[in-house]
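The numbers here are math on the coordinates, done by the rules we state, and not lab data. On a predicted model such as this, the values are computed, not experimentally measured, just so you know. We place every Cβ from the backbone using ideal geometry, glycine too, and count neighbours over all the protein chains shown.
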Amino acid sequence: MGDSSRKVDIEKLIDFSNDLVEVLKDEKDANILAQQVDQLQTFQSQCRSDYDDAHCLIQDYQKKIDLSKVKAEEAKSEIAADAEMDVLQNELEEELQRERLLREELREIINQISVLERQRVSVEERRQTLKKLEQDELRARMKLSMYASVTKIIPNLDDHSKISGHIVERDKKVVEKFEFNLEDATAFDICNSIWKMISL
């Protein structure tokens, strides 16, 4: 039984080898494989070139860093002169003064921004109030229009010392003015008179 299974495996192996030989015989596959090998070699060459360039740059930078360290150490050992220390101290004080001035300017700018923000909020509140007033005025106009269409009376709201207005008859195209003095008649009498005008 072991021989038969080995025989089957050998037959599969022979079939697979034959298939592989056929694939390798195919010229098109061989060309594609050759192109891929060429491309791989080109890519490896490019990678080597990039690596060499990067390595050279790193070495240059390392040399510059080493030179800077040497100069820094030399500068530290030569800073013994008092005159140079005074110059550096003066420069430091000037920089600190500049920083203080910049901080003050920054505070002023922040204050201005706060003022502008408060003004913006105030303007927004006024805009909302104005919008509400416009809506209230529109509502009042619509009410007045409705009252005028029902009662046929358009009141004059400009003069508060007297009750006046116009009676409008659309069908007859007639406009009749009315006016009541508050000192001459009571509110009850004025109301009755207005009702009589509406009823006519």
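Quick look at the values:
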| quantity | calculated |
| --- | --- |
| Dimensionless Rg/Rh of the stretch 81-147 - Kirkwood Rh, Rg from C-alpha atoms | 1.68 |
| Low-density loop positions, trypsin sites (Lys or Arg not before Pro), the stretch 106-195 - DSSP coil, at most 12 other Cβ in 10 Å | R170, K172, K173 |
| FRET E, pair L57, K131, Förster distance 45 Å, beta-carbon r, rounded to 0.05 | 0.10 |
